[in-house]
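Following: one structure in structure tokens, then a few remarks.
The values are calculated or read from the model by the stated rules, or taken from the named source; none is laboratory data. Just so it is clear, the structure is predicted and the values come from calculations on it, not from any experiment. Please note: Cβ atoms are built from the backbone with ideal geometry, for glycine as well, and neighbour counts cover all protein chains shown. Surface areas here come from the heavy atoms of the whole protein model, side chains and all, with no ligands, DNA or RNA. Shrake-Rupley method; radii C 1.70, N 1.55, O 1.52, S 1.80 Å.
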Amino acid sequence: MDITAQMIQKKAYELGYEKCGIIPIDLMDEYAEKFNERIEKIPKSKMFYQSQQRLINTKKIYPWARSVVVLTVPYGKYKVPEELNGHIAKAYLFDTRVDKNTKEYQNNRALEKYMQELDLKVETDQKFGVVGMRWAALQAGIGIIRRNNFLYTESGSWVHLEAWITDREMELKETNNVVQCPKSCNRCMTSCPTKSLSAPYTMSPTECVSFLTTFGGRNLPQEPLSKTFGNCIYGCDICQDVCPMNKGKWKGEIEFPGLAELSSSLTPENILNMEEAFYRERVQPKFFYLSPEDLWKWKVNVLCYMCNNYKESYKSLIINACNSENNKVREIAYSICRELCL
């Protein structure tokens, strides 16, 4: 067994990673086939997946790559602020990819430095990955992929994935005790509000609430699916929350750095009244899927939420939004006023 692989895995455990597997880069070859199968099953997803083509071209982009180190970072230990629960997806609330104040971010940097000290050439993309990470994790024995398309470990689906490619041929697979989905279970599919999950291991990404409320959905005032978003404002956890294999996995025992102080600013009312400077300085760096110019998108999402969950206290806020400087905010506010006869 490669001593370097053992040293990397040992260091990962010392840093607090849950799982660490290492596979030859050639085990990623089949990912291209699975990638294209997704497009064939849902042809309208082609444009979305074309933007992810780099994930099946790793060996072309990095011809020196010989292996993949893939790891899981559980985040179910963190407390979800009550006012944000069900409104902002937990993976985004506890996103450690760019938050330098988190131990997880610091561990990521420490592990990369350690691998470099082992005289390895490594490459990663902390935000979006350099390989198809769920496939890599599956090949490395870290967990299984369930019908809702998420990777599950013993911590359930509440794990972030990290991966590096390296210039050394190594292999050190993990072991897991994760059982398969119950044969008769289809809760994730029947609970999906937009029916993005149309069949097991299949989805239409451009119809997913998480896509439509983050980097997609640029025209929500004209999007019929927005009527199905329910309580969701930014992202969606529904298919994970209803999954029986996630039962009891969320512990919620630890405060996430800086979240308690920010949470009151992320209520629907405060988002709608949020100033550009505050958004750029405090919110956007954490929720990076929307750019510094995209506060309007948050406000559109909130207005959509207010329409779907209307109460009288929202009336003045919606009417005031009709005077917004942003045309998309004005458009959806006017539309809600007409629909609800405000």
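Checked against (1) open to solvent by less than 50 Å² (accessible area, probe 1.4 Å); (2) over 21 Å from L84 (Cβ atoms); (3) under 24 Å from the mean Cα position of the chain (by Cα), E293 meets all criteria but (1). Condition (residue is closer than 19 Å to Q240 by Cβ and not polar (S, T, N, Q)) applied to segment 110-133: is it met by at least one residue? Yes, segment 110-133 contains at least one residue that is closer than 19 Å to Q240 by Cβ and not polar (S, T, N, Q). Here is a check on your reading of the model: is V242 open to solvent by less than 20 Å² (accessible area, probe 1.4 Å) and more than 16 Å from the chain's Cα centre (by Cα)? The answer is no for V242.
Do we find a residue being aliphatic (A, V, I, L, M), in a loop (DSSP other than H, G, I, E, B) and touching a residue at least 40 places away in the same chain (Cβ under 8 Å) anywhere in segment 297-315?
The initial filter retains those residues of segment 297-315 that are aliphatic (A, V, I, L, M), namely 300, 302-303, 306.
Those still in the list that are in a loop (DSSP other than H, G, I, E, B) too: none.
No, segment 297-315 contains no residue that is aliphatic (A, V, I, L, M), in a loop (DSSP other than H, G, I, E, B) and touching a residue at least 40 places away in the same chain (Cβ under 8 Å).
Considering only residues in segment 170-206 that are out of contact with any Cys (no Cβ under 9 Å at 6 or more places or on another chain) and among the small types (G, A, S), the one that is least open to solvent (accessible area, probe 1.4 Å) turns out to be S204.
Among the residues making up segment 255-277, those that are among the hydrophobic types (A, V, I, L, M, F, W, C), within 22 Å of N327 (Cβ to Cβ), in a helix (DSSP H, G or I) and open to solvent by 10 Å² or more (accessible area, probe 1.4 Å) are L272, A277.
Candidates in segment 278-290 are the residues that are over 17 Å from P81 (Cβ atoms) and not acidic (D, E); of these, the one that is most open to solvent (accessible area, probe 1.4 Å) is R280. Taking the criterion of being within 20 Å of K173 (Cα to Cα) and in a helix (DSSP H, G or I), the residues of segment 115-133 that qualify are M115, M133. The single condition from (1) in a helix (DSSP H, G or I); (2) surrounded by fewer than 16 Cβ atoms within 10 Å (Cβ to Cβ); (3) in contact (Cβ under 8 Å) with a residue 24 or more places away in the chain that A136 fails is (2). Count of segment 207-229 residues, restricted to those that are surrounded by fewer than 19 Cβ atoms within 10 Å (Cβ to Cβ) and of a type in the set (S, T, Y), is 1. Just one of the listed residues (E83, E112, E14) is open to solvent by 60 Å² or more (accessible area, probe 1.4 Å), charged (D, E, K, R) and without any contact (Cβ under 8 Å) to a residue 60 or more places away in the chain, namely E14.
Could you check segment 168-213 and list, in sequence order, the residues that are in a loop (DSSP other than H, G, I, E, B), among the small types (G, A, S) and farther than 30 Å from L27 by Cβ? Don't jump to the end; show me each part of the working.
If we filter segment 168-213 for residues that are in a loop (DSSP other than H, G, I, E, B), which is where we start, we get 168-171, 173-186, 192-198, 200-201, 203-204, 208, 213.
Filter once more, keeping what is among the small types (G, A, S): 184, 196, 198, 204.
Scanning segment 168-213 gives a single hit, S184.
Any residue that is more than 23 Å from K10 (Cβ to Cβ) and open to solvent by 30 Å² or more (accessible area, probe 1.4 Å) - is there at least one of those in segment 101-108?
If we filter segment 101-108 for residues that are more than 23 Å from K10 (Cβ to Cβ), which is where we start, we get 101.
Now narrow it down to the ones that are open to solvent by 30 Å² or more (accessible area, probe 1.4 Å): 101.
Yes - at least one qualifying residue is present in segment 101-108.
N176 passes every criterion in (1) under 22 Å from L151 (Cα atoms); (2) of a type outside the set (G, A, S); (3) in contact with a helix residue (DSSP H, G or I) (Cβ under 6 Å, 6 or more places away or on another chain) apart from (3).
Per-residue answers, yes or no, for (1) in contact with a strand residue (DSSP E or B) (Cβ under 6 Å, 6 or more places away or on another chain); (2) among the hydrophobic types (A, V, I, L, M, F, W, C); (3) modelled with pLDDT of 95 or more:
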site	(1), (2), (3)
E83	no, no, yes
A89	no, yes, yes
Y114	no, no, yes
L120	yes, yes, yes
Q126	no, no, no
G141	yes, no, yes
T166	yes, no, yes
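Table: residues versus (1) farther than 17 Å from H160 by Cβ; (2) modelled with pLDDT of 95 or more; (3) in a helix (DSSP H, G or I).
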residue: F215; (1), (2), (3): yes, no, no
residue: N231; (1), (2), (3): yes, yes, no
residue: M245; (1), (2), (3): yes, yes, yes
residue: K249; (1), (2), (3): no, yes, no
